[in-house]
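Working notes, beginning with the structure itself.
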Amino acid sequence: MSSFPVIGGLEIRGPMNDRYAGALTPEACAFVADLVRKFGPRRLELLAARVTRQHEIDAGKLPDFLPETAVIRGGDWQVAPIPPDLLDRRTEITGPVDRKMAINALNSGAQCWMADFEDANSPVWENVIEGQINLYDAVRRTITFTSPEGKAYALKDKTAIMVVRPRGWHLEEKHVLLDGRRLSGSLFDWGLHFFHNARELVARGSGPYYYLPKMESHLEARLWNDVFVHAQAAVGLPRGTIRATMLIETITGAFEAEEILYELREHASGLNAGRWDYMFSMVKKLRNRPGYMFPDRTLITMDVPFLRAYVTHLINVCHRHGAYAMGGMAAQIPIRNDPAANAAALAKVRADKEREVRAGHDGTWVAHPGLVQTAIEAFGRHMKGPNQLGVIHPGKVTAADLLAPLHGPITEAGLRWNLHVGVRYLEAWLGGSGAEPIHHLMEDLATAEISRSQLWQWLKFGARLDDGRPVTAALYDQLLPDELAKIRAEYGAERYDSGHFPEAIELFMRMSKSKEFDEFLSVPAYELLP
C-alpha cells in the first residue's frame with residue numbers, strides 16, 4: 001500500500017503543501033488521469049516508431065517526403081483563422097515559468113511570451129508545480145513578486161499574450177504515477193494548464209495557446225489534435241478554441257511539416273523554426289553516417305545550405321495554408337558593463353532578425369527583455385503589416401536540399417567550447433536552472449545537446465582537428481580540466497565547489513564517450529534530479 005497521497009487517481013510522490021494542492025486539485029488530477037489513460041498507449045507506440053525509424057536511417061534509408069501523404073502536400077486547404085490577439089506575433093520572448101521571469105517577460109513589450117516547461121525549464125518538482133501556479137496567477141493578472149532585496153514586481157496594463165510550451169512526448173513526470181507508472185510530462189504539463197486556465201482565458205477575450213515541441217512525425221501531431229478535441233469537449237469549450245504552433249525542430253519533422261500542420265489545421269496558428277534543436281536533430285539522426293560529420297558548431301549558421309532550405313520550406317508550407325512562419329531564437333543577452341561588446345551583440349541580433357524578416361518570417365524569438373525592441377524594429381523596417389502570408393518562395397525544396405551535407409574544420413577551440421558549455425549548462429540544469437547565461441548567451445538544453453552529440457560523433461568517426469591531431473577520449477580528458485578551471489575562476493571556489501559539477505561531469509563525459517548514442521541528455525539527467 002502506497003504511503004503517498006492519491007488525488008483524482010494520481011499518486012503524488014512530490015512534496016505537497018497548501019499552494020501545490022491548489023494546482024493539484026482532485027478535478028484537475030482526474031482530468032489529467034483521463035488524458036493519460038486515453039492517449040498514453042498511443043504515445044508509447046509513437047516513441048517506439050521513432051526507434052524503428054532511426055534503425056532505418058542507420059541502415060541507409062535517409063529521411064524523405066512520404067509518398068502516401070502527397071495528396072496533403074498538394075492540397076488546397078487552410079488552417080483555422082488566426083485569433084485576433086495572435087494576428088501580430090512579430091516578437092516573442094521565451095523563458096522559463098519562474099515567477100520573476102514570467103512578470104518580466106509579460107511586461108517586456110513583446111507581442112507574445114512563450115512560457116516554457118520544456119528546454120528552458122529544469123523539471124525539478126518545485127519548478128513544474130510553481131510554474132503552474134505562476135501561470136494560473138498570470139492569467140488572472142494577480143501575479144506579483146518581491147525580491148529578497150525588496151524590489152516589487154507586478155504586471156503592467158498591457159502584457160504579452162501567453163503561449164505555453166509543455167514538455168515533449170519523450171519526457172516523463174516521475175513525481176506523479178498512474179496505475180504505478182510515470183505520467184507523460186507532455187500530458188501532465190498541458191493538462192494542468194488547460195484544465196485550470198482555458199475557460200478563464202476565453203472569458204478574458206483570449207484563448208488557450210500552445211507551442212508543441214520535438215515532434216518527429218505527423219502521427220505525433222495527430223495525437224495532439226485528438227487530445228485537443230477530447231479535452232475541449234470535456235470542459236465544454238467549442239472545438240477549435242485551442243491554437244497551437246508546432247516547432248519544426250527535427251529533420252524527420254521537417255519532411256512532414258506540411259502533414260503536421262494539416263493534422264492540427266483546425267487548431268493550428270503556425271510553425272516555428274526551432275533551429276538549435278534542429279541542428280541537434282541533424283547531428284543525432286545522421287550520427288552513424290560518416291558523410292554527415294559536422295564541423296565546429298560556430299560554423300553551422302543559418303546561411304549554410306541545409307538550414308536555408310529548412311527555412312524556405314517552413315515559410316512556404318505555412319504561407320500556402322494561411323499559417324504563420326515563426327523564426328528562431330536570438331540567444332544574446334545585454335552586456336551591461338561593456339558598451340562596445342553590448343553594441344556588437346545587439347548588431348548580431350539585428351542582423352539575424354533582418355535576415356528572418358527578409359526571408360519571409362512573420363515573427364521571431366528573443367531570450368531577454370533587452371532584445372525585444374531591437375527585434376521589433378528589425379521586423380518593422382521590412383514588414384509593414386501584421387504578417388507576411390503573401391510571401392511564398394519560388395521553386396520546390398527537395399530532399400537533397402534538406403539533407404545537404406556540411407563540411408568544415410573541427411578545431412581545438414570548437415572541441416573545448418563543446419566541453420565547456422555542455423558541462424556548465426548541465427551543472428546548472430541539475431541545480432534547477434534551465435535557462436542559463438553563459439558568456440553573454442542565454443543557453444537552454446538544446447545547446448548542451450548539440451555539444452554532446454558533436455563530441456560523440458567526432459569520437460565515433462575518429463575525426464581529426466584542423467592541426468592533424470586525432471579526436472580521442474583521452475583528448476577530451478586532457479582538455480576538460482582547463483575548461484573546468486576557467487569556470488571555477490569565473491564562479492569562485494565556493495560557488496563552484498558547492499555545485500553539481502561532479503554529477504554533471506560524470507554524466508556529460510560518459511554520454512559523450514559512450515559506444516551507443518543516448519537519444520536525449522535530459523532523460524538520464526532527469527534521474528539525477530530530486
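The values are calculated or read from the model by the stated rules, or taken from the named source; none is laboratory data. Please read these numbers as outputs of a predicted model, since none were measured by experiment. Glycine gets a Cβ as well: all are built from the backbone with ideal geometry, and neighbour counts include every protein chain shown.
Can you name the residue in the range 143-152 that is assigned to a loop (DSSP other than H, G, I, E, B) and in contact (Cβ under 8 Å) with a residue 24 or more places away in the chain and is also nearest to the chain's Cα centre (by Cα) among such residues?
Ile143
A quick yes/no check of all residues on (1) over 27 Å from the mean Cα position of the chain (by Cα); (2) at pLDDT 95 or above; (3) farther than 23 Å from Val523 by Cα:
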position	(1), (2), (3)
Pro394	yes, yes, yes
Pro405	no, yes, yes
Arg424	no, yes, no
Pro437	no, no, no
Asp466	yes, yes, yes
Leu480	yes, yes, yes
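If the Cβ limit is 8 Å and pairs must be 6+ apart or interchain, which residue in the range 458-475 that is assigned by TED's automatic domain parsing to the domain that holds Lys515 pairs with which residue that is part of a helix (DSSP H, G or I) and at pLDDT below 95?
Short answer, once both residue conditions are applied: Phe461/Pro290.
Being within 27 Å of the chain's Cα centre (by Cα) and more than 28 Å from His230 (Cβ to Cβ) is the requirement here; does Asp18 meet it?
no
Restricting attention to the range 504-530, and to residues there that are charged (D, E, K, R) and under 16 Å from Leu445 (Cβ atoms), which single residue is modelled with the highest pLDDT?
That would be Glu527.
Among the listed residues Ala378, Ala359, Ala331, which satisfies the condition of being among the aliphatic types (A, V, I, L, M) and modelled with pLDDT under 95?
Going through Ala378, Ala359, Ala331 in turn, the sole match is Ala331.
So, in the range 45-62, how many residues would count as being exposed (fewer than 13 other Cβ atoms within 10 Å of the Cβ) and in contact (Cβ under 8 Å) with a residue 12 or more places away in the chain?
At the first step, the residues of the range 45-62 found to be exposed (fewer than 13 other Cβ atoms within 10 Å of the Cβ) are 45, 48, 51-52, 55-56, 59-61.
From the residues that got through so far, the ones that are in contact (Cβ under 8 Å) with a residue 12 or more places away in the chain too are none.
Here the count works out to 0.
If only one of Arg42, Arg37 is surrounded by 14 or more Cβ atoms within 10 Å (Cβ to Cβ) and either charged (D, E, K, R) or within 30 Å of Gly205 (Cβ to Cβ) (or both), which one is it?
Arg42
Go through the range 229-257 and give me each residue that's of a type in the set (Ser, Thr, Tyr) and either at pLDDT below 95 or crowded, with 24+ Cβ neighbours inside 10 Å (or both).
Thr245, Thr250
If you check every pair at least six apart or on different chains, which have Cβ atoms under 6 Å apart with a residue in the range 96-109 that is over 21 Å from Val124 (Cα atoms) and in the same structural domain as Thr159 (by TED's automatic domain parsing) first and a residue that is of a type in the set (Lys, Arg) and in a loop (DSSP other than H, G, I, E, B) second?
Asn107/Lys156
I'd like to verify a number: residues in the range 410-433 that are part of a loop (DSSP other than H, G, I, E, B) and under 28 Å from Trp125 (Cα atoms), how many? Can you show your working first?
Start the filter on the range 410-433 by keeping residues that are part of a loop (DSSP other than H, G, I, E, B), which leaves 410-411, 431-433.
Filter once more, so that each one left must be under 28 Å from Trp125 (Cα atoms): 431-433.
Residues meeting the conditions: 3.
Can you tell me which residue is surrounded by the most Cβ atoms within 10 Å (Cβ to Cβ) among those in the range 302-344 that are of a type in the set (Val, Ile, Thr) and farther than 24 Å from Ile392 by Cβ?
Ile333
Are any of the residues in the range 63-81 among the hydrophobic types (A, V, I, L, M, F, W, C), over 16 Å from Val317 (Cα atoms), assigned by TED's automatic domain parsing to the domain that holds His218 and in contact (Cβ under 8 Å) with a residue 12 or more places away in the chain?
no
Report, by residue number, each residue of the range 268-292 that is surrounded by fewer than 24 Cβ atoms within 10 Å (Cβ to Cβ) and in contact with a strand residue (DSSP E or B) (Cβ under 6 Å, 6 or more places away or on another chain).
Arg275, the sole residue that qualifies.
Which pairs do you get when a residue that is polar (S, T, N, Q), found in the range 493-509, comes within reach of a residue that is surrounded by 15 or more Cβ atoms within 10 Å (Cβ to Cβ), reach meaning Cβ atoms under 7 angstrom, with the pair 6+ apart or on two chains?
none
How many residues does the range 202-216 contain that are surrounded by 21 or more Cβ atoms within 10 Å (Cβ to Cβ) and either touching a Phe, Trp or Tyr at 6+ places or on another chain (Cβ under 9 Å) or of a type in the set (Val, Ile, Thr) (or both)?
Count: 7.
Which members of the range 351-381 meet the condition of being of a type in the set (D, E, K, R), assigned to a helix (DSSP H, G or I) and under 22 Å from Leu271 (Cα atoms)?
Listed by number, the residues that qualify are Asp352, Lys353, Glu354, Arg355, Glu356, Arg358.
Which residue pairs have Cβ atoms closer than 7 Å, lie 6 or more positions apart in sequence or on different chains, and pair a first residue in the range 160-174 that is in the same structural domain as Glu249 (by TED's automatic domain parsing) with a second residue that is surrounded by fewer than 23 Cβ atoms within 10 Å (Cβ to Cβ) and of a type in the set (Asp, Glu)?
Hits for this filter: Ile161/Asp85.
Of all helices (runs of 4 or more DSSP H) completely enclosed by the range 249-316, which ones contain at least 1 residues that are outside the structural domain of Thr447 (by TED's automatic domain parsing) and under 20 Å from Arg89 (Cα atoms)? Break it down into steps so the answer makes sense when it comes.
Numbers: elements: 251-255, 257-263, 275-285.
Hits in the range 249-316: 257-263, 275-285.
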